[in-house]
Structure formats: C-alpha cells, structure tokens
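Where a number appears in this text, it was derived from the coordinates with a stated rule and is not lab data. Note that this is a predicted model, so its numbers are computed, not measured. A quick note on method: Cβ atoms are made from the backbone with ideal geometry, for glycine too, and the neighbour counts reach across all protein chains shown.
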Amino acid sequence: MHGVIGLLVGVAAIFAFSASGFFFTSDEKVTVIETRHLVHKLVEQNFDSKNQRSIRKQITECLRDSYQYLAMSMYFDQAEVALPGFHKMFKEYSNREMSNAVKLMTYMNLREGSNKFLGIPEPRISYEWHDGETALITALRMEHKANTKFQTIIQLALEKNDPHLKQFIEDNFLDQKVKIIKELGDKVTQLGKYSSEKKGLGLQMFDNTLL
C-alpha cells in the first residue's frame, strides 16, 4: 500500500514539474529556434543574398590568386631559375591575397552571411616566366581582373542599398589594387630599361632591386 502511494506521489510530482516549466515542451523548443532565427536576421541587417554570393565568389578569386602567386613564387625559387627577388615578391603577393580572402570571410561573419568554401582551380605554370617580364604582365592582368570584380561588388551594393558593404570594399581593397597595378606597371618599365642597358645582367640586377 505504501508503495502504491509513493508511486502516485512520484507521478504527481512529475506532472507538477512539467507544468512549472522544469521540463522543455516541444513548443518551447520551437521558441528557441525562432529566437535564434530572429537574432540571425537582426545581425544580418538586410544583407542581400546577391551581395553575399558576390562576396563568396570574390573569396574564391582571392584564394585562387593566392594559389597562383604561390606557384609563381616557387617557380622563381627553383635552382635553374634562381631569382630570389621575384620569389620574395610573389610570395608576398600570395600572402596578401590570402589575407584578403580572410578579410572577406570575417566580414561575412560580421554581417551574419553564409561562408561557403568552393574548390580552387589548379594554378598555371609557364616556363615563359623565366624572363621576368612575362610574369609581371601575368600579375598585372590578375590585378586588373580583381580590381574590376571589386568594382562590380560595389556597384551591386549600391543597387541593393548597402552602404556599409560599399564602404568596406572601398576602404580595404580598391586603394590596394590601384596601388599594386601602378607598382607592377612601374616594374615592367624598369625591367625593360635594365634589360636594354645591361644586356644579359639586366634581369639579375633588377631581381636584386626586388630584395
């Protein structure tokens, strides 16, 4: 008899705890999910899906450029090429593009965007780079392309009324790209002068300036 009474008291206690909210109900679980979704939307601050896609594409582009510059850097570090200045310069370019990709990923998190990691194409290796000038022109084309893509992101941000994204791209990338394009253009001109004036030693002497 005492056992039955104890069992009934235990069941009553469970119902009492459930009614008081001690145990989560299915409705409360839904409320938690809805709250998280609300927080996500509030932090997202109307971050348009097209703007997010444009940034994800640019992250992939930055990673691809970093991979390409790394391949170029390693090419000039080979014993049969042995141009340490070019090796150093393109290694720095590779690091810069990786940094750019991380900046964009961090921005996506800041705005509660969705980071998705896509495949990176295999870098191209060209034995034509051995003259130095061809490698500089390759880099110059890469930077022109990147600059155009960043401008496209800004244009889309304007269309979607996203001034924060526009300002972020302008402050962190546009000025950088304009300066690098000018820098590479100067280097092409300087290498041409070294090559014409110093004959066979021109490339080696120019490479020393990169160190």
Any residue that is of a type outside the set (Ser, Thr, Tyr), in contact (Cβ under 8 Å) with a residue 60 or more places away in the chain, within 22 Å of Gln176 (Cα to Cα) and touching a Phe, Trp or Tyr at 6+ places or on another chain (Cβ under 7 Å) - is there at least one of those in the stretch 79-98?
yes
Complete set of residues in the stretch 95-141 that are assigned to a helix (DSSP H, G or I), among the acidic types (Asp, Glu) and touching an Asp or Glu at 6+ places or on another chain (Cβ under 7 Å):
Glu97
Sole miss for Arg56 among (1) under 10 Å from the mean Cα position of the chain (by Cα); (2) within 17 Å of Arg141 (Cβ to Cβ) is condition (2)
Filter the stretch 158-179 down to the residues that are of a type in the set (A, V, I, L, M, F, W, C) and touching a residue at least 60 places away in the same chain (Cβ under 8 Å) and list them by number.
Leu165, Phe168, Phe173
Scan the stretch 117-130 for residues that are surrounded by 13 or more Cβ atoms within 10 Å (Cβ to Cβ) and either under 13 Å from Cys62 (Cα atoms) or in contact (Cβ under 8 Å) with a residue 60 or more places away in the chain (or both) and jot them down.
Ile120, Pro123
Among Gln151, Gln190, Gln155, which is free of Cβ contacts under 8 Å to residues at least 24 places away in the same chain, part of a helix (DSSP H, G or I), surrounded by fewer than 16 Cβ atoms within 10 Å (Cβ to Cβ) and touching a Phe, Trp or Tyr at 6+ places or on another chain (Cβ under 7 Å)?
Gln190
